[in-house]
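A.B. asks: Here it is, the structure in full.
The values are calculated or read from the model by the stated rules, or taken from the named source; none is laboratory data. Note that this is a predicted model, so its numbers are computed, not measured. No Cβ is skipped: glycine too gets one built from the backbone with ideal geometry, and neighbour counts run over all protein chains shown. Surface areas here come from the heavy atoms of the whole protein model, side chains and all, with no ligands, DNA or RNA. Shrake-Rupley method; radii C 1.70, N 1.55, O 1.52, S 1.80 Å.
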Amino acid sequence: MQNEIQLFLKNVKSICPELTEGEIEGFSKKLSVVTLEKKDYFICSGKIQKEVGFITKGLIRSFYVDMSGNEKTVRFYAENDYATHYTAFITQQPTKYSFQCLEKTTLVLVSHENMQWTYKTFPRFEKYGRLIAEEILKIQQHRIESFLFQTAEERYLEFVKQNPDLFNRISLSHLCSYLGIERQTLTRIRRRIARK
């Protein structure tokens, strides 16, 4: 448990190096660790997300269910990612997404209440919160723009390039759902790329 917390705190310090040892130690007392099994849910659609999870080991998929009852993958979260529907977390409103473990996953948790306490007690942590929020916004914006300005093949090639370790850890059906394409389309894209 201490190892996971140390990994998380190292990440926090890399994002916000000006935080003092005292501030980091005070924050560390507000953290907890959980390990979830494959297929367990970290967050369920329709529920209020009470905690942000920093993944130290494992893999999570976020998805929603469309009007036809199909699961649509929105994002994959692996080691050193923050598993959160951030807008729902900061507003403490029910999320529209479910977060399910694709592997046994260990997360360091910080609750909404403890995050607010940390901001009040150690104001420098507000910069850390802002930087994380900006990073999440950039990822979301890029995801939207990939559907507006890229072809399915370009989205696939970028995913492979950006996530070489992740590629072999997820199923083709989840990847197709994430890319917004049918399985046959992905097969054609891969064949075309192999011939180049």
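A.B. asks: Can you pull out the residues in segment 177-191 that are in a helix (DSSP H, G or I) and open to solvent by 100 Å² or more (accessible area, probe 1.4 Å)?
C.D. replies: Scanning segment 177-191 gives R183, Q184, R188, R191.
A.B. asks: Residue check, S45 against (1) among the hydroxyl-bearing types (S, T, Y); (2) assigned to a helix (DSSP H, G or I); (3) touching a residue at least 40 places away in the same chain (Cβ under 8 Å), all met but one. Which one?
C.D. replies: Among (1) among the hydroxyl-bearing types (S, T, Y); (2) assigned to a helix (DSSP H, G or I); (3) touching a residue at least 40 places away in the same chain (Cβ under 8 Å), the lone unmet condition for S45 is (2).
A.B. asks: Here is a further query. Residues in segment 110-121: is at least one at pLDDT 95 or above, part of a strand (DSSP E or B) and not aromatic (F, W, Y)?
C.D. replies: Yes: segment 110-121 contains one or more residues that are at pLDDT 95 or above, part of a strand (DSSP E or B) and not aromatic (F, W, Y).
A.B. asks: Hey, another quick one. Tell me the residue from F99, F149, F159 that is at pLDDT 95 or above and open to solvent by less than 80 Å² (accessible area, probe 1.4 Å), please.
C.D. replies: F99
A.B. asks: In addition: Report every pair of residues separated by at least 6 positions or lying on different chains whose Cβ atoms are under 9 Å apart, first residue within segment 14-33 and under 19 Å from N3 (Cα atoms), second small (G, A, S).
C.D. replies: These pairs meet every condition: K30/S111; S32/S111.
A.B. asks: For segment 51-91, which strands (runs of 3 or more DSSP E) that fit wholly inside it have 2 or more residues that are touching an Asp or Glu at 6+ places or on another chain (Cβ under 8 Å)?
C.D. replies: 51-57, 60-65
A.B. asks: Test S14 against the criterion of being in contact with a Pro (Cβ under 9 Å, 6 or more places away or on another chain) and open to solvent by 60 Å² or more (accessible area, probe 1.4 Å), and give yes or no.
C.D. replies: Taking the combined requirement at face value, the residue does not satisfy it.
A.B. asks: Taking G69 as meeting all but one of (1) within 18 Å of the chain's Cα centre (by Cα); (2) at pLDDT below 95, write down the number of the exception.
C.D. replies: (1)
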